[in-house]
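J.: Can you keep this structure in mind? I'll have questions shortly.
The values are calculated or read from the model by the stated rules, or taken from the named source; none is laboratory data. Everything numeric here is computed off the predicted structure, so don't read it as measured data. All Cβ positions, glycine included, derive from the backbone under ideal geometry; neighbour counts span all protein chains shown.
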Amino acid sequence: MRVTTQHAEEVLRWGNAEPWKNNRLGSLPKNKAFGPEHVQLDARGNIISMPRLLGRPCFGRVETRTRHGAKKTQRNIRGKIQEVESRCGRCLVRDACLKVVYTRISGNPMIASAFRKWHSECMAGPGTPTFTGPRFGQLWVEVKQAIIDSGPFENANDAAVAEHEASKQERRRNQWRQSQRGIRASSIARGGPDTLMIRNAPAERDRRAQSLKNACRSSSASRAMKAWNDDTCDMIADVWLARTILQASRRKNGPTDIVKWLQTQGKDRGKSFGALRTRVNLDLKRLTAIEALEGPTTIWPPFDPATDAILNELYEATKDH
């Protein structure tokens, strides 16, 4: 079993004093209780089958159950130290978890050896197990290292969790897409800007420039199009971008307006105002001819900035910010 950095980080996290701190689980999903008899393991402790369990990444973890498995814990409640039921003590699958933990300890010599060594010293006297201090802390480090070196355990529940998370993520994506379309429609209805068009037009400009270059190189291209070089295609795409953004911004979008926009964006190709206006007029005619092509000869289909694919890409770029 290949040891990964992720596996090592998870062992260190789930074996520390506060493994659930900053754990973004939100409201925990409801799970049905099940017992040890419902969990099938191999000799090493890999979970072959079990009922679906959501929101319990600590299930079966040796380091977590050993350190936090006591049924009772002490809490400071309104200035008084009181004994309360622990997180593990409240867990509906506590016994099933313990079965997995015992199997993983007994089925892996490195873990078993380190665990026995720690257990013999830390459990020899009265009181709770010790995880810190010069001696006990080092023994606990050795237990965690043995778990790391034994490699990650396989868990059939991982696929169920991944499926659940994917379904939840798709619902969020769908709700976000609908909200963005609603915001866009509302803005347009009020005569406001089409922000989705403005945001996505530059990337679409690049796609259109490339598709036009490809079309000009094809054997089916018209004589006029075959004479267009890459710079001509880029210029036509820039004119499309200028017109599109000006329209989406509810601004004037005639040839003079496009020239001014190109100049402010540094896309004037070093041309004077007059020369650039002449070129824009020409490219607007070319652009109209390109957009008129239909069927198999279509080069630039109508652009919709609110498709699922575009909004999904936007969602992924913005969800963590």
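J.: Could you check how many residues of region 219-267 are without any contact (Cβ under 8 Å) to a residue 24 or more places away in the chain, aliphatic (A, V, I, L, M) and more than 27 Å from Ala185 (Cβ to Cβ)?
T.: Counting residues in region 219-267 that are without any contact (Cβ under 8 Å) to a residue 24 or more places away in the chain, aliphatic (A, V, I, L, M) and more than 27 Å from Ala185 (Cβ to Cβ) gives 5.
J.: Hey, any hits in region 248-266 for a residue that's crowded, with 16+ Cβ neighbours inside 10 Å, touching a Pro at 6+ places or on another chain (Cβ under 7 Å) and at pLDDT 95 or above?
T.: Yes, region 248-266 has at least one match.
J.: Which of the residues belonging to region 234-253 are among the small types (Gly, Ala, Ser) and assigned to a helix (DSSP H, G or I)?
T.: Scanning region 234-253 gives Ala237, Ala242, Ala248.
J.: Name the residues in region 188-213 that are crowded, with 16+ Cβ neighbours inside 10 Å and polar (S, T, N, Q), would you?
T.: Thr195, Asn200, Ser211 - these are the residues of region 188-213 that are crowded, with 16+ Cβ neighbours inside 10 Å and polar (S, T, N, Q).
J.: I'd like to know if region 116-132 contains one or more residues that are modelled with pLDDT of 90 or more and within 30 Å of Ala317 (Cβ to Cβ).
T.: The answer is no, given that none of the residues of region 116-132 is modelled with pLDDT of 90 or more and within 30 Å of Ala317 (Cβ to Cβ).
J.: Moving on. Tell me which of these Thr307 doesn't satisfy, since it passes every other one: (1) more than 31 Å from the chain's Cα centre (by Cα); (2) under 30 Å from Ala166 (Cα atoms).
T.: Tallying (1) more than 31 Å from the chain's Cα centre (by Cα); (2) under 30 Å from Ala166 (Cα atoms), Thr307 fails exactly one: (1).
J.: Further question: Counting residues that are surrounded by 14 or more Cβ atoms within 10 Å (Cβ to Cβ), which strands (runs of 3 or more DSSP E) fully inside region 35-95 reach at least 1?
T.: Values: elements: 47-49, 72-77, 80-85.
Passing ranges, in order: 47-49, 72-77.
Condition check ((1) exposed (fewer than 13 other Cβ atoms within 10 Å of the Cβ); (2) assigned by TED's automatic domain parsing to the domain that holds Asn46; (3) in a helix (DSSP H, G or I)) across all residues:
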{"position": "Lys99", "(1), (2), (3)": "no, yes, yes"}
{"position": "Arg104", "(1), (2), (3)": "no, yes, yes"}
{"position": "Phe115", "(1), (2), (3)": "no, yes, yes"}
{"position": "Ser120", "(1), (2), (3)": "yes, yes, yes"}
{"position": "Pro129", "(1), (2), (3)": "no, yes, no"}
{"position": "Gly133", "(1), (2), (3)": "yes, yes, no"}
{"position": "Gly137", "(1), (2), (3)": "yes, yes, yes"}
{"position": "His164", "(1), (2), (3)": "no, no, yes"}
{"position": "Arg184", "(1), (2), (3)": "no, no, yes"}
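J.: Give the residue that is modelled with the lowest pLDDT, with candidates limited to residues of region 1-31 that are of a type in the set (A, V, I, L, M, F, W, C) and surrounded by fewer than 11 Cβ atoms within 10 Å (Cβ to Cβ).
T.: By that ranking, first place goes to Leu28.
J.: Conditions: (1) in a loop (DSSP other than H, G, I, E, B); (2) surrounded by fewer than 16 Cβ atoms within 10 Å (Cβ to Cβ); (3) small (Gly, Ala, Ser). Ala306 meets all but one. Number of the miss?
T.: (2)
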